[in-house]
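Novice: Below: one structure in structure tokens.
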Amino acid sequence: MTAKNGVAAVERALSILDAFRDTDGRLSLTELAQKTGLYKSTILRLLASLEAYGYVRKLDDRGYQIGPKFVELAGIYQETFRIGDIVMPMLERIVNEVNESASYFVREGKMRLCLFRVDARQEIRDHIRVGDTRPLDRGASGKALIRYSGKRASDAGRDGLVFTSFGERNPDMAAMAAPVFGLGNTLSGCINISGPRTRFSPERVAEITPVLQRAAVELSIQAGASPEILKRLLPAEKDPRS
């Protein structure tokens, strides 16, 4: 992964750290070269700096593993991270894009709890408040939470990311939902878009689906899930010639 206008040396160092993903935590110089595509001489120079700052530790068998600095950074992240800081702007963006109400639900036993909510600027809309609970076995968000409880982001597929419901809880309402993953690529909650059933025609559902997919993927990455895993779930780009 290369960032636009990024610093090449920093990106090479980060690629070394990324190489430790999905391993037993120990890599040799040869394995690092295979995973990163960098020359061993380049890797050794970068490892020296990473080791000096505690990001990598050299082992007695000449292998390497992630250093203790990440424990310190993880503690800082956990102390300062507030899920609402990233959820609310995303819900507001969704409402601006589709003009339907957006909520963020989490699982609470056999119920689903609304943690965050942004109402659409519509006279007719569904009425859900922060703190409201709903049965887990009904509604689009319930389907998403049940489907991915105990699962990881790697279990998700692009075609199975968005769930719908029509009149399951209220005969006049419809909803669409998609799971949100967080640290460890485990389920964090789900985004829910809801409104009167008459406004959720098949054509409208098709329009909202990529918006919801993109929001769920972006929010998952912001919450700490793996970008490499999540980006494959982004909606397919339409061919401009079609």
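Novice: Within the range 23-54, how many residues turn out to be in a loop (DSSP other than H, G, I, E, B) and of a type in the set (Ser, Thr, Tyr)?
Specialist: 4
Novice: Determine which single condition Val211 fails, assuming it passes every other condition in (1) within 20 Å of Met90 (Cβ to Cβ); (2) free of Cβ contacts under 8 Å to residues at least 60 places away in the same chain; (3) among the hydrophobic types (A, V, I, L, M, F, W, C).
Specialist: Condition (2) is where Val211 drops out.
Novice: Only one of Ala140, Ala144 is in contact with a Ser or Thr (Cβ under 9 Å, 6 or more places away or on another chain) and crowded, with 16+ Cβ neighbours inside 10 Å. Can you tell me which? Spell out how you get there, then give the answer.
Specialist: Working: Ala144 fails: in contact with a Ser or Thr (Cβ under 9 Å, 6 or more places away or on another chain).
Selected residue: Ala140, the only one of Ala140, Ala144 that is in contact with a Ser or Thr (Cβ under 9 Å, 6 or more places away or on another chain) and crowded, with 16+ Cβ neighbours inside 10 Å.
Novice: State whether the residues of the range 129-137 include one that is at positive phi and in contact with a Leu (Cβ under 8 Å, 6 or more places away or on another chain). Break it down into steps so the answer makes sense when it comes.
Specialist: Taking the range 129-137 first, the residues at positive phi are 131.
From what is left, the residues that are in contact with a Leu (Cβ under 8 Å, 6 or more places away or on another chain) are 131.
Yes, the range 129-137 contains a residue that is at positive phi and in contact with a Leu (Cβ under 8 Å, 6 or more places away or on another chain).
Novice: Yes or no: Arg138 out of contact with any strand residue (DSSP E or B) (no Cβ under 6 Å at 6 or more places or on another chain) and of a type outside the set (Gly, Ala, Ser)?
Specialist: Numbers: out of contact with any strand residue (DSSP E or B) (no Cβ under 6 Å at 6 or more places or on another chain): yes; of a type outside the set (Gly, Ala, Ser): yes.
In short, yes.
Novice: For the range 55-67, state whether one or more residues are in the same structural domain as Ala19 (by TED's automatic domain parsing) and either part of a helix (DSSP H, G or I) or hydroxyl-bearing (Ser, Thr, Tyr) (or both). Don't jump to the end; show me each part of the working.
Specialist: Looking only at the range 55-67, we keep the residues that are in the same structural domain as Ala19 (by TED's automatic domain parsing), and these are 55-67.
Filter once more, so that each one left must be either part of a helix (DSSP H, G or I) or hydroxyl-bearing (Ser, Thr, Tyr) (or both): 55, 64.
Yes: one or more hits.
Novice: Here's something else I'd like to know. Here is a list: Ser220, Ser194, Ser149, Ser165. Which entry is surrounded by fewer than 19 Cβ atoms within 10 Å (Cβ to Cβ), small (Gly, Ala, Ser), assigned by TED's automatic domain parsing to the domain that holds Leu91 and out of contact with any His (no Cβ under 7 Å at 6 or more places or on another chain)? Show your work before the answer.
Specialist: Numbers: Ser220 fails: surrounded by fewer than 19 Cβ atoms within 10 Å (Cβ to Cβ); Ser194 fails: surrounded by fewer than 19 Cβ atoms within 10 Å (Cβ to Cβ); Ser165 fails: surrounded by fewer than 19 Cβ atoms within 10 Å (Cβ to Cβ).
Every option except Ser149 fails the conditions.
Novice: Related question: Does any residue of the range 68-83 turn out to be surrounded by 12 or more Cβ atoms within 10 Å (Cβ to Cβ), under 29 Å from the mean Cα position of the chain (by Cα), over 29 Å from Cys190 (Cβ atoms) and not assigned by TED's automatic domain parsing to the domain that holds Tyr148?
Specialist: yes
Novice: Could I ask something else about it? Which residue is surrounded by the fewest Cβ atoms within 10 Å (Cβ to Cβ), if the candidates are limited to the range 99-133 and must be assigned to a strand (DSSP E or B) and β-branched (Val, Ile, Thr)? If you could, list the steps in order and put the result at the bottom.
Specialist: Looking only at the range 99-133, we keep the residues that are assigned to a strand (DSSP E or B), and these are 101-108, 111-118, 133.
Cutting the leftovers down to β-branched (Val, Ile, Thr) gives us 106, 118, 133.
Values: Val106: 18, Val118: 18, Thr133: 13.
Here the residue is Thr133.
Novice: Which of the following residues is among the small types (Gly, Ala, Ser) and closer than 30 Å to Gly131 by Cα: Ala19, Ala74, Ala13? Break it down stepwise before answering.
Specialist: Values: Ala19 fails: closer than 30 Å to Gly131 by Cα; Ala13 fails: closer than 30 Å to Gly131 by Cα.
Exactly one residue qualifies, and that residue is Ala74.
Novice: Condition check: touching a Leu at 6+ places or on another chain (Cβ under 9 Å), closer than 20 Å to Phe105 by Cα and surrounded by fewer than 13 Cβ atoms within 10 Å (Cβ to Cβ). Does Ser188 satisfy that?
Specialist: On the way: touching a Leu at 6+ places or on another chain (Cβ under 9 Å): yes; closer than 20 Å to Phe105 by Cα: yes; surrounded by fewer than 13 Cβ atoms within 10 Å (Cβ to Cβ): no.
No: the conditions fail for Ser188.
The values are calculated or read from the model by the stated rules, or taken from the named source; none is laboratory data. Since we're looking at a predicted model, the values are computed, not measured. Counting neighbours? That spans all protein chains shown, and the Cβs are built from the backbone with ideal geometry, glycine included.
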